[in-house]
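Student: I have a structure here, written as structure tokens, and I will follow up with some questions on it.
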Amino acid sequence: MTFFEAVYEAVSRVPKGKVTTYGMIARAIGHPRAARQVGNALHHNPTPIIVPCHRVVNREGRLAPAFAFGGPDVQARLLEEEGVPVVDGYVDLEKYLWRE
């Protein structure tokens, strides 16, 4: 399995109504220092709804400033449609963080 495939498989496990972080995905696939590479993989996600990259935020809960599939407004809308409120570009990680 390639790095990108591992990222997509891990992100696919994040349930609706929850988010995870780039770093948590990196750790989950055995590359704990590869958070930026996770972001790069998600930027190239070939199936953005099937692999729900909108459910990945930074370690502070901030949305991606350059969300590849329409910008942060689209990411916020997709999260809010799943019941995850976004306030000033951030998600409350204490409430919505998914831990596998």
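Nothing in this text is a laboratory measurement; each read-out follows from the coordinates by a stated rule. None of these values were measured; they are calculated from a predicted model. Cβ placement follows ideal geometry from the backbone for every residue including glycine, while neighbour counts extend to all protein chains displayed.
Student: Pop the C-beta distance of Glu60 and Glu5 into the FRET formula with R0 = 25 Å and round what comes out to the nearest 0.05.
Tutor: The pair Glu60/Glu5 has a calculated efficiency of 0.35.
Student: Turning to a different aspect of this structure: Can you list residues from other chains, or at least 5 along the same chain, whose modelled amide H is less than 5 Å from the amide H of Leu97?
Tutor: Residues meeting the amide H criterion: Val19.
Student: Could I ask something else about it? Once phi is turned into ³J(HN,Hα) by the Karplus curve 6.51 cos²θ - 1.76 cosθ + 1.60 with θ = phi - 60°, what whole-Hz value does each residue of segment 24-34 show in order, with x for glycine and proline?
Tutor: Each residue of segment 24-34 in turn: 5, 5, 4, 5, 4, 9, x, 10, x, 10, 10 Hz.
Student: Take every Cα pair under 8 Å in the chain that's 6+ residues apart, average their separations, divide by the length, and report that relative contact order as a whole percent.
Tutor: The normalised contact order for the chain reaches 29 percent.
Student: Please list, in order along segment 80-87, the HN-Hα scalar couplings obtained from phi with the Karplus expression 6.51 cos²θ - 1.76 cosθ + 1.60 (θ = phi - 60°), rounded to whole Hz, x for Gly and Pro.
Tutor: Values per residue, Gly and Pro as x: 5, 5, 9, x, 9, x, 10, 10 Hz.
Student: With a point put 7 Å past each Cα toward its Cβ, work out how far Tyr90 is from Asn40 in nm, to one decimal.
Tutor: Distance between the two pseudo-spin positions: 2.9 nm.
Student: Restricted to Cα positions, what overall size does segment 1-98 have along the principal axes? Three whole-Å values, descending.
Tutor: Extents along the principal axes, in whole Å: 35, 26, 21.
Student: Which cross-chain or sequence-distant (5 or more) residues have an amide H under 5 Å from the amide H of Arg62, H modelled 1.01 Å from N in plane?
Tutor: Here the answer is Val91, since their amide H atoms fall under 5 Å of that of Arg62.
Student: For Tyr90, what charge total do you get from the other residues with a beta carbon under 9 Å from its beta carbon, if Lys and Arg give +1 and Asp and Glu give -1?
Tutor: Details: positive: Arg62; negative: Glu60, Asp88, Asp92.
Once all neighbours under 9 Å are counted, the net charge is -2.
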